[in-house]
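K.L.:
Below are the C-alpha coordinates for one structure; questions will follow.
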Amino acid sequence: MGLRDLVNSVLGKSALPKAKSEKLFAMSTASITLESNLGLKPSGSAGICFKPIGASAYESARKEIQELLEYSSKETETEFRLEKDEFNFLWAIFKDPELEDLVANIHLVSETLEEHGFGGQLLCAIYRFDSEPEAGKSSRGETVYWIYNFKQGTYYPFIPLSGKQRDSPFEFRLRAEMEREMPIEENVEKWYPLWGIPF
(Lines give C-alpha, C1' and ligand atoms only; values in the text may rest on other atoms or scores of the structure.)
Protein backbone atom coordinates (compact mmCIF):
# COMPACT_ATOMS: atom_id res chain seq x y z
CA MET A 1 0.00 0.00 0.00
CA GLY A 2 1.24 3.47 -0.76
CA LEU A 3 2.13 5.65 -3.69
CA ARG A 4 1.85 2.75 -6.14
CA ASP A 5 -1.68 2.00 -4.90
CA LEU A 6 -2.63 5.62 -5.41
CA VAL A 7 -1.25 5.46 -8.95
CA ASN A 8 -2.88 2.10 -9.69
CA SER A 9 -6.26 3.32 -8.49
CA VAL A 10 -5.95 6.22 -10.93
CA LEU A 11 -4.53 4.22 -13.81
CA GLY A 12 -7.12 1.48 -13.45
CA LYS A 13 -9.56 3.70 -15.29
CA SER A 14 -9.50 4.02 -19.07
CA ALA A 15 -9.45 7.82 -18.95
CA LEU A 16 -7.58 9.73 -16.26
CA PRO A 17 -9.89 12.02 -14.33
CA LYS A 18 -9.10 15.71 -14.47
CA ALA A 19 -7.09 16.99 -11.53
CA LYS A 20 -9.15 18.96 -9.03
CA SER A 21 -6.88 21.69 -7.78
CA GLU A 22 -9.47 24.28 -6.75
CA LYS A 23 -9.93 22.78 -3.27
CA LEU A 24 -6.23 23.10 -2.43
CA PHE A 25 -6.89 26.47 -0.78
CA ALA A 26 -8.95 24.87 1.99
CA MET A 27 -5.63 24.21 3.74
CA SER A 28 -4.99 27.94 4.24
CA THR A 29 -8.00 28.42 6.51
CA ALA A 30 -7.95 24.92 8.04
CA SER A 31 -4.41 25.47 9.32
CA ILE A 32 -5.70 28.01 11.86
CA THR A 33 -7.95 25.38 13.47
CA LEU A 34 -5.25 22.71 13.21
CA GLU A 35 -2.89 24.89 15.22
CA SER A 36 -5.30 26.44 17.73
CA ASN A 37 -7.46 23.37 18.49
CA LEU A 38 -5.09 20.46 17.82
CA GLY A 39 -1.61 21.83 18.48
CA LEU A 40 -0.42 21.12 14.92
CA LYS A 41 1.98 23.72 13.60
CA PRO A 42 2.86 24.06 9.91
CA SER A 43 6.43 22.80 9.55
CA GLY A 44 7.22 25.14 6.67
CA SER A 45 7.50 22.20 4.27
CA ALA A 46 5.19 20.98 1.53
CA GLY A 47 5.44 19.12 -1.75
CA ILE A 48 3.64 18.06 -4.87
CA CYS A 49 4.15 14.67 -6.50
CA PHE A 50 3.40 13.60 -10.04
CA LYS A 51 3.97 10.39 -11.89
CA PRO A 52 6.65 9.99 -14.53
CA ILE A 53 6.14 11.68 -17.88
CA GLY A 54 7.70 10.52 -21.18
CA ALA A 55 11.35 11.57 -21.50
CA SER A 56 11.03 14.47 -23.96
CA ALA A 57 7.78 15.79 -22.46
CA TYR A 58 9.27 15.35 -18.99
CA GLU A 59 12.31 17.51 -19.77
CA SER A 60 10.10 20.20 -21.26
CA ALA A 61 7.71 20.13 -18.28
CA ARG A 62 10.55 20.04 -15.76
CA LYS A 63 12.25 23.03 -17.39
CA GLU A 64 9.02 25.01 -17.39
CA ILE A 65 8.29 24.15 -13.76
CA GLN A 66 11.84 25.11 -12.80
CA GLU A 67 11.55 28.49 -14.55
CA LEU A 68 8.10 29.09 -13.11
CA LEU A 69 9.24 28.33 -9.57
CA GLU A 70 12.36 30.46 -9.92
CA TYR A 71 10.13 33.36 -10.96
CA SER A 72 7.45 32.86 -8.29
CA SER A 73 9.95 32.16 -5.51
CA LYS A 74 11.51 35.61 -6.00
CA GLU A 75 8.20 37.11 -4.91
CA THR A 76 7.43 34.76 -2.02
CA GLU A 77 11.06 33.89 -1.11
CA THR A 78 10.03 30.23 -1.10
CA GLU A 79 12.88 27.74 -1.40
CA PHE A 80 12.27 24.78 -3.68
CA ARG A 81 13.92 21.74 -5.17
CA LEU A 82 12.90 19.15 -7.76
CA GLU A 83 13.84 15.53 -7.19
CA LYS A 84 12.90 12.02 -8.26
CA ASP A 85 12.19 9.33 -5.71
CA GLU A 86 12.99 5.60 -5.82
CA PHE A 87 9.85 4.93 -7.90
CA ASN A 88 10.83 7.58 -10.49
CA PHE A 89 8.08 9.97 -9.36
CA LEU A 90 8.97 13.65 -9.58
CA TRP A 91 8.58 15.84 -6.50
CA ALA A 92 8.58 19.61 -6.23
CA ILE A 93 9.43 20.28 -2.57
CA PHE A 94 8.98 23.70 -0.97
CA LYS A 95 10.22 25.39 2.20
CA ASP A 96 8.62 28.57 3.44
CA PRO A 97 7.57 29.70 6.94
CA GLU A 98 4.32 31.08 5.46
CA LEU A 99 1.80 28.31 4.76
CA GLU A 100 -0.11 30.52 2.32
CA ASP A 101 3.02 30.80 0.14
CA LEU A 102 3.35 27.00 0.14
CA VAL A 103 -0.30 26.61 -0.91
CA ALA A 104 0.12 29.25 -3.63
CA ASN A 105 3.24 27.58 -5.08
CA ILE A 106 1.63 24.14 -5.10
CA HIS A 107 -1.41 25.58 -6.86
CA LEU A 108 0.83 27.31 -9.39
CA VAL A 109 2.62 24.06 -10.28
CA SER A 110 -0.62 22.10 -10.54
CA GLU A 111 -2.23 24.74 -12.76
CA THR A 112 0.82 24.85 -15.04
CA LEU A 113 0.81 21.07 -15.46
CA GLU A 114 -2.93 21.10 -16.20
CA GLU A 115 -2.53 23.87 -18.79
CA HIS A 116 0.08 21.76 -20.59
CA GLY A 117 -2.03 18.62 -20.61
CA PHE A 118 -0.30 16.92 -17.68
CA GLY A 119 -3.21 17.20 -15.23
CA GLY A 120 -3.56 13.43 -15.29
CA GLN A 121 0.01 13.10 -14.00
CA LEU A 122 -0.74 14.98 -10.78
CA LEU A 123 -0.95 12.60 -7.84
CA CYS A 124 -0.96 14.51 -4.59
CA ALA A 125 0.05 17.59 -2.69
CA ILE A 126 1.36 17.12 0.84
CA TYR A 127 1.62 19.56 3.73
CA ARG A 128 3.68 18.68 6.78
CA PHE A 129 2.63 19.66 10.30
CA ASP A 130 4.42 18.95 13.55
CA SER A 131 2.53 18.15 16.75
CA GLU A 132 3.70 19.28 20.15
CA PRO A 133 4.72 16.49 22.54
CA GLU A 134 2.12 15.90 25.26
CA ALA A 135 2.83 17.60 28.57
CA GLY A 136 4.74 15.41 30.98
CA LYS A 137 5.90 12.99 28.29
CA SER A 138 9.49 12.78 27.13
CA SER A 139 8.56 11.60 23.62
CA ARG A 140 8.76 14.10 20.83
CA GLY A 141 5.69 15.13 18.90
CA GLU A 142 4.53 13.33 15.78
CA THR A 143 4.82 14.40 12.19
CA VAL A 144 1.39 14.80 10.63
CA TYR A 145 0.97 14.94 6.87
CA TRP A 146 -2.15 16.24 5.18
CA ILE A 147 -2.35 14.66 1.74
CA TYR A 148 -4.45 16.19 -1.04
CA ASN A 149 -5.51 13.66 -3.68
CA PHE A 150 -5.87 15.59 -6.95
CA LYS A 151 -8.15 12.98 -8.52
CA GLN A 152 -10.65 13.01 -5.65
CA GLY A 153 -10.32 16.67 -4.70
CA THR A 154 -10.07 15.63 -1.05
CA TYR A 155 -7.65 15.66 1.86
CA TYR A 156 -6.78 12.94 4.36
CA PRO A 157 -4.36 12.76 7.29
CA PHE A 158 -1.35 10.45 7.35
CA ILE A 159 0.68 10.00 10.53
CA PRO A 160 3.58 7.59 9.98
CA LEU A 161 5.15 5.79 12.91
CA SER A 162 8.24 3.59 12.99
CA GLY A 163 8.07 0.13 11.42
CA LYS A 164 5.63 1.28 8.72
CA GLN A 165 2.88 1.68 11.27
CA ARG A 166 0.52 4.64 11.39
CA ASP A 167 -1.31 6.45 14.18
CA SER A 168 -4.84 5.59 13.04
CA PRO A 169 -6.62 6.79 16.21
CA PHE A 170 -5.12 10.27 15.80
CA GLU A 171 -5.92 10.22 12.05
CA PHE A 172 -9.59 9.47 12.84
CA ARG A 173 -9.63 12.19 15.48
CA LEU A 174 -8.30 14.66 12.90
CA ARG A 175 -11.03 13.65 10.47
CA ALA A 176 -13.73 14.21 13.10
CA GLU A 177 -12.28 17.60 14.07
CA MET A 178 -11.68 18.89 10.53
CA GLU A 179 -14.42 17.50 8.28
CA ARG A 180 -16.46 20.70 8.56
CA GLU A 181 -13.51 22.85 7.52
CA MET A 182 -11.96 20.98 4.62
CA PRO A 183 -12.98 18.35 2.05
CA ILE A 184 -11.99 15.12 3.84
CA GLU A 185 -11.91 11.84 1.91
CA GLU A 186 -14.84 9.82 3.30
CA ASN A 187 -13.58 6.44 2.06
CA VAL A 188 -10.86 5.44 4.53
CA GLU A 189 -9.59 2.81 2.05
CA LYS A 190 -8.37 5.74 -0.05
CA TRP A 191 -6.22 7.06 2.80
CA TYR A 192 -3.11 5.65 1.10
CA PRO A 193 -0.01 5.53 3.31
CA LEU A 194 2.84 7.29 1.52
CA TRP A 195 5.97 5.87 3.13
CA GLY A 196 9.22 7.69 2.49
CA ILE A 197 7.85 11.19 1.89
CA PRO A 198 11.07 13.13 1.12
CA PHE A 199 10.52 16.01 3.55
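K.L.:
For residues in segment 41-70 being surrounded by 18 or more Cβ atoms within 10 Å (Cβ to Cβ) and among the small types (Gly, Ala, Ser), which is nearest to Gly141 (Cα to Cα)?
P.N.:
Ser43
K.L.:
So, in segment 4-25, exactly how many residues are open to solvent by less than 20 Å² (accessible area, probe 1.4 Å) and modelled with pLDDT of 55 or more?
P.N.:
Of segment 4-25, the ones open to solvent by less than 20 Å² (accessible area, probe 1.4 Å) are 6-7, 10, 19, 21, 24.
Pick out the ones that are also modelled with pLDDT of 55 or more and you get 19, 21, 24.
Of the residues in segment 4-25, 3 are open to solvent by less than 20 Å² (accessible area, probe 1.4 Å) and modelled with pLDDT of 55 or more.
K.L.:
Here's something else I'd like to know. Would you pick out the residues in segment 97-118 that are open to solvent by less than 10 Å² (accessible area, probe 1.4 Å) and of a type outside the set (S, T, N, Q)?
P.N.:
Across segment 97-118, the qualifying residues are Leu102, Val103, Ile106, Val109, Leu113.
K.L.:
Hey, could you check segment 45-70 for residues that are in contact with a strand residue (DSSP E or B) (Cβ under 9 Å, 6 or more places away or on another chain) and in a loop (DSSP other than H, G, I, E, B) and say which is nearest to Phe199 (Cα to Cα)?
P.N.:
Step by step, filter segment 45-70, then rank; the result is Lys51.
K.L.:
Can you tell me which residue is modelled with the lowest pLDDT among those in segment 63-83 that are under 17 Å from the mean Cα position of the chain (by Cα) and farther than 16 Å from Leu113 by Cα?
P.N.:
Glu83
K.L.:
Okay, next question. So which strands (runs of 3 or more DSSP E) are wholly in segment 96-199 and hold at least 3 residues that are under 19 Å from Glu79 (Cα atoms)?
P.N.:
Details: elements: 122-131, 143-149, 154-158.
Of the strands (runs of 3 or more DSSP E) lying wholly inside segment 96-199, those with at least 3 residues that are under 19 Å from Glu79 (Cα atoms) span 122-131.
K.L.:
Now, a different point. When segment 144-161 is examined, which residues are found to be surrounded by fewer than 19 Cβ atoms within 10 Å (Cβ to Cβ) and touching a strand residue (DSSP E or B) at 6+ places or on another chain (Cβ under 7 Å)?
P.N.:
Across segment 144-161, the qualifying residue is only Pro160.
K.L.:
If a residue must be assigned to a helix (DSSP H, G or I) and open to solvent by 90 Å² or more (accessible area, probe 1.4 Å), how many such residues does segment 71-93 contain?
P.N.:
Selection size over segment 71-93: 3.
K.L.:
Cβ contacts < 7 Å: first residue in contact (Cβ under 8 Å) with a residue 12 or more places away in the chain, restricted to segment 148-168; second residue aromatic (Phe, Trp, Tyr) and open to solvent by 40 Å² or more (accessible area, probe 1.4 Å), any location; separation 6+ or different chain. Result?
P.N.:
From segment 148-168, the pairs are Pro160/Trp195; Lys164/Trp195.
K.L.:
Also, I was wondering about something else. Suppose the filter is modelled with pLDDT of 80 or more and surrounded by 14 or more Cβ atoms within 10 Å (Cβ to Cβ); does Ser36 pass it?
P.N.:
Working: modelled with pLDDT of 80 or more: yes; surrounded by 14 or more Cβ atoms within 10 Å (Cβ to Cβ): no.
No; evaluated as a whole, the condition is false for this residue.
The values are calculated or read from the model by the stated rules, or taken from the named source; none is laboratory data. Remember, it's a predicted structure, so these values are computed and weren't measured experimentally. Here the Cβ is made from the backbone with ideal geometry for all residues, glycine too, and neighbour counts use every protein chain on show. Heavy atoms of the whole protein, side chains included, go into the accessibility calculation; ligands, DNA and RNA do not. Shrake-Rupley method; radii C 1.70, N 1.55, O 1.52, S 1.80 Å.
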